[in-house]
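I have placed the structure first, in the form of structure tokens, so that the comments after it can refer back to it.
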Amino acid sequence: MHSHDHAPITVPDGTPGYYEVMETAIRELLAEKGLIHPSEIRRQLEVLDSRTPQLGAKVVARAWVDPEFRARLLLNGRSACEELGITFYDDTQLIVLENTRDVHNLIVCTLCSCYPRPVLGLPPDWYKQKPYRARAVKEPRNVLAEFGTAIPEDVEIRVSDSTAMVRYLVLPQRPSGTETWSEEELASLVTRDAMIGVAIIDPQERKVQ
Amino acid sequence: MTPSEALVKRLPNDIGGLPADRIDRADHELQPWEKRCHALADVLDFHKIVNAEEKRRGVAALGTELIGKLSYYERWAAAFANILFQKQLLTPGELALKMDEVSARFKRESEV
């Protein structure tokens with residue numbers, strides 16, 4: 001499958017393209033028929049805007065400083081996130097995968113683009129495109145190398161393939177040298193890519209997200 | 001395994017493990033209509049009108065050629081139209097008329 005995302009088609013005079021017209025028409029017809037309400041779309045847009053990797057970072061930092069929370073998070077990702085006030089607006093379950101000295105986790109959705117949206121927001125384009133989806137399960141070390149991430153050979157790389165109902169989040173390893181850091185400082189280190197598993201956390205490099 | 005057997009065993013979106021290009025890490029900010037399309041998908045899922053799996057199958061059913069020509073959310077819009085026709089919640093005629101109306105409205109708005 002060709003998976004390059006083309007630039008949206010906008011006709012030269014700046015009016016919306018065919019598919020934007022289609023999206024608008026479908027939405028308005030469904031509203032006219034009473035199947036959906038326009039306010040639901042507005043509300044969901046607000047929900048989507050409220051979800052960013054900062055939420056996931058908050059979860060990770062809490063897990064690093066609170067062993068009991070970490071245990072609950074690994075047992076049931078969804079209910080532990082809900083403890084921190086992160087609502088799940090869909091029916092998905094969340095499995096949190098802990099990186100250790102022996103195991104490095106990587107998440108992917110080979111079939112489409114399933115992603116832990118309630119805690120990370122919408123996925124980056126590369127996560128939805130063919131190269132990552134096809135190769136992550138087959139040659140994860142090469143994929144990681146393209147992200148500049150080298151995992152020692154004696155560390156097992158475990159790739160988890162998401163489904164419509166089960167989503168994953170990587171709990172990165174807490175970097176050494178951060179023992180005295182506050183929870184907020186720790187959260188500022190945690191990147192989206194580290195929670196997907198394509199990066200590790202470098203305390204020298206504060207995130208730029 | 002014959003080529004047709006391989007195709008039977010692997011649906012078009014089932015690409016895990018296949019050879020593919022290098023990863024292009026360029027990202028793009030979603031256009032407002034793309035975000036609305038995502039919100040629409042979520043609302044359709046909440047109401048059990050179209051769930052995530054139906055949407056995924058609806059995209060696959062567009063066929064390789066069309067999938068290759070459309071961007072991510074363009075596929076979703078086309079898939080929603082087809083799924084809603086199949087479920088008899090919309091008719092193609094209704095959608096065509098509404099699209100004409102929306103198109104004319106956008107055109108008027110752009111002229112203001």
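Straight-line cross-link partners of B:Lys107 among the lysines, defined as a Cα under 24 Å from its Cα and at least 8 positions apart when in the same chain: B:Lys35, B:Lys98.
Each residue, A:Leu74 and B:Phe85, gets one label point 7 Å from its Cα in the Cβ direction; the gap between the two is 5.1 nm.
Whole-Hz Karplus values for segment B:75-87 come out as 4, 4, 4, 5, 5, 4, 4, 4, 5, 5, 5, 4, 7 Hz, taken residue by residue from phi with 6.51 cos²θ - 1.76 cosθ + 1.60 and θ = phi - 60°; glycine and proline positions read x.
For B:Arg10, the amide hydrogen comes within under 5 Å of no other amide hydrogen, counting only partners 5 or more places away or on other chains and with H modelled in the peptide plane.
For segment A:134-209, the set of chymotrypsin sites (Phe, Trp or Tyr not before Pro) satisfying both a DSSP loop assignment and a count of at most 13 other C-beta atoms within 10 Å is empty. Here segment A:52-196 is assigned +1 on the Cβ of each Lys and Arg and -1 on the Cβ of each Asp and Glu. Its dipole about the Cα centre then comes out at about 500 debye. Note: relative contact order over chain B, using C-alpha pairs below 8 Å and six or more positions apart, is 19 percent.
Dividing the mean sequence gap of close Cα pairs (under 8 Å, 6+ apart) by how many residues chain A holds gives a relative contact order of 23 percent. Residues whose amide H lies under 5 Å from that of A:Tyr168, counting only those 5 or more places away or on a different chain, are A:Ile95; hydrogens are built 1.01 Å from N in the peptide plane. With respect to chain B, whose longest principal axis is taken over its alpha-carbon atoms, helix B:92-111 is tilted by about 60°.
Compare the Cα positions of A:Pro175, A:Ala150, A:Thr163 along the charge dipole of segment A:137-179 (+1 at Cβ of Lys, Arg; -1 at Cβ of Asp, Glu; about the Cα centre) and return the one farthest towards the positive end. Positive-most Cα among the choices belongs to A:Thr163.
Among B:Met99, A:Met195, the order by Cβ neighbours within 10 angstrom, fewest to most, reads B:Met99, A:Met195.
Less than 5 angstrom separates the built amide H of A:Ile157 from those of A:His104, all sequence-distant by 5 or more or on a different chain. Charge tally around A:Pro116: other residues with Cβ under 11 Å, Lys/Arg +1 each, Asp/Glu -1 each, net +4. Applied to segment A:170-177, the Karplus parametrisation 6.51 cos²θ - 1.76 cosθ + 1.60 on θ = phi - 60° returns per-residue 3J(HN,Hα) values of 8, 9, x, 6, 6, x, 6, x Hz, with x for Gly and Pro.
Extension gain, A:Thr87 to A:Gln204, is 38.9 nm, computed as 0.36 nm per intervening residue step minus the present C-alpha separation. How much net charge surrounds A:Glu98 when only other residues with a Cβ under 15 Å from its Cβ are counted (Lys, Arg +1; Asp, Glu -1)? Value of the local net charge: +2. Applying a 4.7 Å Cβ-Cβ cutoff to chain A leaves A:Cys81, A:Cys112 as cysteine residues with no disulfide-compatible partner. The simple Förster model, with R0 at 30 Å and r as the Cβ-Cβ distance, assigns A:Arg141 and A:Glu46 a FRET efficiency of 0.15. Rounded to the nearest 10 degrees, the angle from helix B:32-46 to the longest Cα principal axis of chain B is 80 degrees. Within the set of other residues whose C-beta is less than 11 Å from the C-beta of B:Gly58, count the net charge using Lys and Arg as +1 and Asp and Glu as -1. Net local charge, B:Gly58 excluded: +3.
Ordering B:Ile15, B:Trp33, B:Thr2 by Cα displacement along the dipole of segment B:1-58 toward the positive end leaves B:Thr2 in first place; charges were set at the Cβ atoms of Lys, Arg (+1) and Asp, Glu (-1). Label-to-label distance, B:Asp21 versus B:Ala104, with points set 7 angstrom from Cα along the beta-carbon direction: 4.2 nm.
Summing Cβ point charges (Lys, Arg +1; Asp, Glu -1) relative to the Cα centre of the protein assembly as shown gives a dipole of roughly 560 debye.
A simple charge model with +1 on the Cβ of Lys and Arg, -1 on the Cβ of Asp and Glu and nothing else charged puts the dipole of segment B:1-64 at about 140 debye relative to its Cα centre. For segment A:147-209 versus segment A:27-41, the inter-centroid distance based on Cα atoms is 40 Å. Placing unit charges on each Cβ (+1 for Lys and Arg, -1 for Asp and Glu) gives segment A:12-127 a dipole about its Cα centre, and among A:Leu120, A:Val47, A:Ala57 the Cα reaching farthest toward its positive end belongs to A:Ala57.
Just so you know, all these numbers are worked out from the coordinates, no wet-lab data involved. A quick note: this is a predicted structure, and the numbers were derived from the prediction, not measured. Glycine also receives a Cβ, built like all others from the backbone with ideal geometry; neighbour counts cover every protein chain displayed.
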